[in-house]
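The values are calculated or read from the model by the stated rules, or taken from the named source; none is laboratory data. Quick caveat: nothing in here was measured; it's all calculated off a predicted structure. Glycine gets a Cβ as well: all are built from the backbone with ideal geometry, and neighbour counts include every protein chain shown.
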Amino acid sequence: MVDLDKIISLCKRRGFIFQGSDQYGGLQGTWDYGPLGVELKNNVKKAWWRRVVYERDDMEGLDCAILMNRLVLKYSGHEETFSDPMVDCRKCKKRFRADQVDHNEKCAEGDKHDLTEPRPFNLMFKTTVGPVAEENNIAYLRPETAQGIFINFKNVLDSTNRKLPFGIAQIGKSYRNEITPRNFIFRVREFEQMEIEFFVKPGTDDEWHSKWVEDRFNWYVELGIKPENLRKYEQKPEELAHYAKATVDLLYRFFPEREDENKQFDEVEGIANRTDFDLNCHTKGGKLVLADGREIPNTHAVNKLTYFDHETNQHILPYVVEPSAGVDRATLAFLMDSYFEETVNDGQRIVLRLHPELAPIKVAVLPLKKNHDGIRNTAMQIKNTLMKKSGWRTVYDDTAGIGKLYRRQDEIGTPFCVTVDFDTLENQSVTVRDRDTMAQERVKIDALQDYLAKKLGNCR
Ligand code: GAP
């Protein structure tokens, strides 16, 4: 299986992902998605949204502001507790996450690091809103999209007349000032999440939790992740966050080079049963209960975030099941799982066997001769017609010989290449080449769209 280094190299070479602020030496923990990366990432998000919103009858979507009132993060508990333990080396001044220190690492000042005691470091990015930078104007960049969903529970409920169970989905950027961002887009300071808060009646939460774990696992597999590279990990009671009744993490084999197989896997998504913890934090008259048992009554919230249960004639606080995925980690998993190096008749090829729904480009139209007007114009026309009528991202490329063009499209995961040659001008047919089998078939131009539609399914 491919390791991260090869993926990083492919991503830079072919324009998937670049270091953030590269032109000025970079900014640690940030990455920019290039022409192909933005398409791939958008396709991951579209596939998720279609699966969890459009293909269900019990979901709504939402898109909240990234800048949040400080009170949201106060009553959610983030101000008090959203921190990682940090240690410093007294000699070289380097900082580490206490639980990630490599005790064999040499200190730049010689011998071993001389580490301080761990102390909490809050991961939220603080800023001020408006022209005056003072205490009252402090706001945060959200550290997760989830809080925006909780505080909008009543807005969505009232505007849609939903009945329990129902969920709210959101995709968007989140920010965490990670002490040691690392492993490419695996741990970064600016990232995207795809989160669902699924609201249910207390007592039905365990069943819904199990259903979501299955559904989320299957989503990755249906989009091409090999089941042997994806694991469900049920957190042990002592590992659970204090507000979670149960959490199952979906782990992907991000680090195949590690000797210990268990260490090869790390989290791509977590599915938590958060009970009524969050709605209780944010509801008018509710309270935040911290891990150490302290209670902080909510004296600022303006609405009750309750649900009127007509069966029992009571206002209740729904329980919440939360499938929370990272867009960047999912994108990385899809890239890694689809990467193959193969020996073929005319040498080596790298191929990304991406699911067609995720492939950045669906069809490439290639002229056999670029300096032949008839061939070039026909190819351009086919490209424009396919793009317009089908909505598939279709490109035209004449910047190299046909063999090289095929290799390029293989390397970026384009499922089909359409080649226009001299015979096309005679009999109105083209060659369609399949990325995975490299098989070629002759297809009439007027049957081309239907032919490709059968193969590409309902992807856009
Ligand atoms: N609302 C729950 C929540 O945010 P989390 O486990 O902290 O839970 C959910 O984050 C997902 O977001 C993770 O499974 C991971 O895919 C992604 N994620 C979290 N921190 C990240 C980071 N620093 N860089 C990239 N992705 C991250």
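Considering only the range 141-184, state which residues are part of a loop (DSSP other than H, G, I, E, B), modelled with pLDDT of 95 or more and of a type in the set (S, T, N, Q).
Across the range 141-184, the qualifying residues are 145, 152, 177, 183.
Here are some residues: 234, 192. Which one is touching a strand residue (DSSP E or B) at 6+ places or on another chain (Cβ under 6 Å) and within 13 Å of the ligand (Cβ to nearest atom)? Give the derivation first.
Values: 234 fails: within 13 Å of the ligand (Cβ to nearest atom).
None of the others qualify; the one that does is 192.
Restricting to the range 197-231, and then to whatever is under 30 Å from residue 40 (Cβ atoms) and of a type in the set (Val, Ile, Thr), can you tell me which residue is farthest from the ligand (Cβ to nearest atom)?
That would be 221.
State whether one or more residues within the range 338-345 are among the hydrophobic types (A, V, I, L, M, F, W, C) and assigned to a loop (DSSP other than H, G, I, E, B). Even if it seems obvious, please write down each step before you answer.
Keep residues of the range 338-345 that are among the hydrophobic types (A, V, I, L, M, F, W, C), which gives 340, 344.
Now drop any that are not assigned to a loop (DSSP other than H, G, I, E, B), which leaves none.
Scanning the range 338-345 turns up no residue that is among the hydrophobic types (A, V, I, L, M, F, W, C) and assigned to a loop (DSSP other than H, G, I, E, B).
Consider residue 334 against the criteria (1) within 15 Å of the ligand (Cβ to nearest atom); (2) in a strand (DSSP E or B): it satisfies all of them except one. Which criterion is unmet?
Of (1) within 15 Å of the ligand (Cβ to nearest atom); (2) in a strand (DSSP E or B), only one is false for residue 334: (2).
What about residue 243, is it within 14 Å of the ligand (Cβ to nearest atom), outside any helix (DSSP H, G or I) and out of contact with any helix residue (DSSP H, G or I) (no Cβ under 9 Å at 6 or more places or on another chain)?
Details: within 14 Å of the ligand (Cβ to nearest atom): yes; outside any helix (DSSP H, G or I): yes; out of contact with any helix residue (DSSP H, G or I) (no Cβ under 9 Å at 6 or more places or on another chain): no.
So residue 243 fails the test.
All but one of (1) surrounded by 15 or more Cβ atoms within 10 Å (Cβ to Cβ); (2) more than 10 Å from the ligand (Cβ to nearest atom) hold for residue 116, so report the exception by its number.
Condition (1) is where residue 116 drops out.
So how many residues does the range 164-188 have that are basic (Lys, Arg) and crowded, with 19+ Cβ neighbours inside 10 Å? Even if it seems obvious, please write down each step before you answer.
Step one: list which residues in the range 164-188 are basic (Lys, Arg), which gives 173, 176, 182, 187.
Subsequent filtering for residues that are crowded, with 19+ Cβ neighbours inside 10 Å retains 176, 187.
Total satisfying the criteria: 2.
Of all strands (runs of 3 or more DSSP E) completely enclosed by the range 261-326, which ones contain at least 3 residues that are within 16 Å of the ligand (Cβ to nearest atom) and basic (Lys, Arg)? Show your work before the answer.
Working: elements: 266-275, 287-289, 295-297, 307-309, 314-316, 319-326.
Where strands (runs of 3 or more DSSP E) fall fully within the range 261-326, none carries at least 3 residues being within 16 Å of the ligand (Cβ to nearest atom) and basic (Lys, Arg).
Tell me whether the range 51-70 contains one or more residues that are more than 22 Å from the chain's Cα centre (by Cα), outside any helix (DSSP H, G or I), at positive phi and surrounded by 13 or more Cβ atoms within 10 Å (Cβ to Cβ).
Checking the range 51-70: not a single residue is more than 22 Å from the chain's Cα centre (by Cα), outside any helix (DSSP H, G or I), at positive phi and surrounded by 13 or more Cβ atoms within 10 Å (Cβ to Cβ).
Evaluate the range 88-104: report whether one residue or more is in contact (Cβ under 8 Å) with a residue 40 or more places away in the chain, in a helix (DSSP H, G or I) and either within 30 Å of the chain's Cα centre (by Cα) or closer than 24 Å to residue 148 by Cβ (or both).
From the range 88-104, those in contact (Cβ under 8 Å) with a residue 40 or more places away in the chain are 95-97, 100; that's our starting set.
Within this subset, residues satisfying the condition of being in a helix (DSSP H, G or I) are 100.
Narrowing the set further to residues that are either within 30 Å of the chain's Cα centre (by Cα) or closer than 24 Å to residue 148 by Cβ (or both) leaves 100.
Scanning the range 88-104, I find at least one residue that is in contact (Cβ under 8 Å) with a residue 40 or more places away in the chain, in a helix (DSSP H, G or I) and either within 30 Å of the chain's Cα centre (by Cα) or closer than 24 Å to residue 148 by Cβ (or both), so the answer is yes.
Do you know which residues across the range 185-230 are within 30 Å of residue 456 (Cβ to Cβ), aromatic (Phe, Trp, Tyr) and assigned to a helix (DSSP H, G or I)?
212, 217, 219, 220
For the range 388-446, please list each of the strands (runs of 3 or more DSSP E) lying entirely inside it that holds at least 1 residues being touching a Phe, Trp or Tyr at 6+ places or on another chain (Cβ under 7 Å).
Working: elements: 394-396, 416-420, 429-434, 440-444.
Result: 416-420, 429-434, 440-444.
Does any residue of the range 366-380 turn out to be hydrophobic (A, V, I, L, M, F, W, C) and touching a Cys at 6+ places or on another chain (Cβ under 8 Å)? Give the derivation first.
Restricting attention to the range 366-380, the residues satisfying the condition of being hydrophobic (A, V, I, L, M, F, W, C) are 366, 368, 375, 379-380.
Restricting the remaining residues to those that are touching a Cys at 6+ places or on another chain (Cβ under 8 Å) gives 366.
Yes, that holds for at least one residue.
For the range 286-301, give me each residue that is surrounded by 11 or more Cβ atoms within 10 Å (Cβ to Cβ) and among the small types (Gly, Ala, Ser).
Kept after step one, since they are surrounded by 11 or more Cβ atoms within 10 Å (Cβ to Cβ), are these residues of the range 286-301: 286-291, 296, 298, 300-301.
Those that are surrounded by 11 or more Cβ atoms within 10 Å (Cβ to Cβ) and among the small types (Gly, Ala, Ser): 286, 291, 301.
For residues in the range 302-350 being surrounded by fewer than 20 Cβ atoms within 10 Å (Cβ to Cβ), of a type in the set (Val, Ile, Thr) and under 30 Å from residue 223 (Cβ atoms), which is modelled with the lowest pLDDT?
By that ranking, first place goes to 344.
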